[in-house]
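Student: This is the structure I have questions about; it appears just below.
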Amino acid sequence: NPRPGEISLAHHGVLFLDELPEFSRQVLEVLREPLETGQITISRAARQADFPARFQLVAAMNPCPCGYLGHPTQACRDTPDQIARYRGRISGPLLDRIDIQINVPALTDDELMRAVPGESTAVIRARVETARTRQMQRQGKPNAALGTQEIDTLCTLDRASESLLKQAITQLNLSARAYHRVLRLARSIADLADSGAIQTTHLAEAIQYRRAPT
């Protein structure tokens, strides 16, 4: 009998996948349906079952197979072909569904020893709660759940922002899916900044997150 797996067990929670390219391609491609629809369909010979699967995906991977590409003191041992094959394990359609893609370089000794304290969890939580309250009052749902027509209504841009987004579509070859995800993310960034409208800086930050790590 079909039973819920890790995707459904993470419903309304976080699914964290470490060493993302080490998962099989078949497993990773299964993520595409629930990331888009919030549910997953399991088909067996005797029956078919639908399970809820609305989760937040967080994934991590090394920059290359050996893990030292771009390291300040260790030399990378991999060839360009090996690096390309390693990164190629993550398909374009799956990457298209990941809103924020960040490259985190290794810290130098000085940076590690002189790390400045960041914001406290309480301060960040208060800002997130305020942004979520704004979203619920405005549209009755979080920005991540906005449909295409709602995005057109609630994520309007001024002329300068429209020009910036057009350039990004051309330079980054953004798909229609990525286009709408950029607008949703820009709306969330604006909400976190306590801004009623999406400013050019909010849109630029959202676009920057679509750049594949190098």
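The values are calculated or read from the model by the stated rules, or taken from the named source; none is laboratory data. Predicted model only: the values in this text are computed from it and were never measured. Note that each Cβ is placed from the backbone with ideal geometry, even for glycine, and that neighbours are counted across all protein chains shown. SASA here: full protein model, heavy atoms, side chains in, ligands and nucleic acids out. Shrake-Rupley method; radii C 1.70, N 1.55, O 1.52, S 1.80 Å.
Student: Just for region 107-140: of the residues that are modelled with pLDDT of 95 or more and of a type in the set (D, E, K, R), which one is least open to solvent (accessible area, probe 1.4 Å)?
Tutor: Looking at residues that are modelled with pLDDT of 95 or more and of a type in the set (D, E, K, R), I get Arg134.
Student: Could I ask something else about it? Mind checking which pairs have a first residue in region 186-201 that is in contact (Cβ under 8 Å) with a residue 24 or more places away in the chain and assigned to a helix (DSSP H, G or I) and a second that is surrounded by fewer than 23 Cβ atoms within 10 Å (Cβ to Cβ) and of a type in the set (Lys, Arg), Cβ under 9 Å, 6 or more apart or different chains?
Tutor: As it stands, the answer is Asp191/Arg132; Asp191/Arg134; Asp191/Arg138; Leu192/Arg127, since those pairs meet every condition given.
Student: Additional query: One residue is enough: does region 160-170 have a residue meeting the conditions within 15 Å of Ile198 (Cβ to Cβ), of a type outside the set (A, V, I, L, M) and open to solvent by less than 40 Å² (accessible area, probe 1.4 Å)?
Tutor: Yes.
Student: For region 173-182, does any single residue satisfy the condition of being in a helix (DSSP H, G or I), open to solvent by less than 40 Å² (accessible area, probe 1.4 Å) and free of Cβ contacts under 8 Å to residues at least 24 places away in the same chain?
Tutor: Looking through region 173-182, none of the residues is in a helix (DSSP H, G or I), open to solvent by less than 40 Å² (accessible area, probe 1.4 Å) and free of Cβ contacts under 8 Å to residues at least 24 places away in the same chain.
Student: May I pose another question? Would region 197-210 turn up any residue that is at pLDDT below 95, open to solvent by less than 60 Å² (accessible area, probe 1.4 Å) and within 28 Å of Ile90 (Cβ to Cβ)?
Tutor: There is at least one residue in region 197-210 that is at pLDDT below 95, open to solvent by less than 60 Å² (accessible area, probe 1.4 Å) and within 28 Å of Ile90 (Cβ to Cβ).
Student: Moving on. For region 50-62, give me each residue that is surrounded by 14 or more Cβ atoms within 10 Å (Cβ to Cβ) and more than 20 Å from Gln101 (Cβ to Cβ).
Tutor: Within region 50-62, Phe51, Pro52, Ala53, Arg54 meet the criteria.
Student: Need the failing condition index for Pro65 against (1) crowded, with 17+ Cβ neighbours inside 10 Å; (2) under 18 Å from Ala178 (Cβ atoms), just the number.
Tutor: Answer for Pro65: the failing condition is (2).
Student: Still on this structure: Could you figure out which of (1) under 30 Å from Leu146 (Cβ atoms); (2) open to solvent by 70 Å² or more (accessible area, probe 1.4 Å); (3) over 19 Å from the mean Cα position of the chain (by Cα) isn't true of Ala45?
Tutor: Single failed check for Ala45: (1).
Student: In region 112-135, which residue that is hydroxyl-bearing (Ser, Thr, Tyr) and within 22 Å of the chain's Cα centre (by Cα) is farthest from His71 (Cα to Cα)?
Tutor: Pass one, region 112-135, residues hydroxyl-bearing (Ser, Thr, Tyr): 120-121, 130, 133.
Filter again for within 22 Å of the chain's Cα centre (by Cα), leaving 121, 130, 133.
Numbers: Thr121: 29, Thr130: 38, Thr133: 41 Å.
Result: Thr133.
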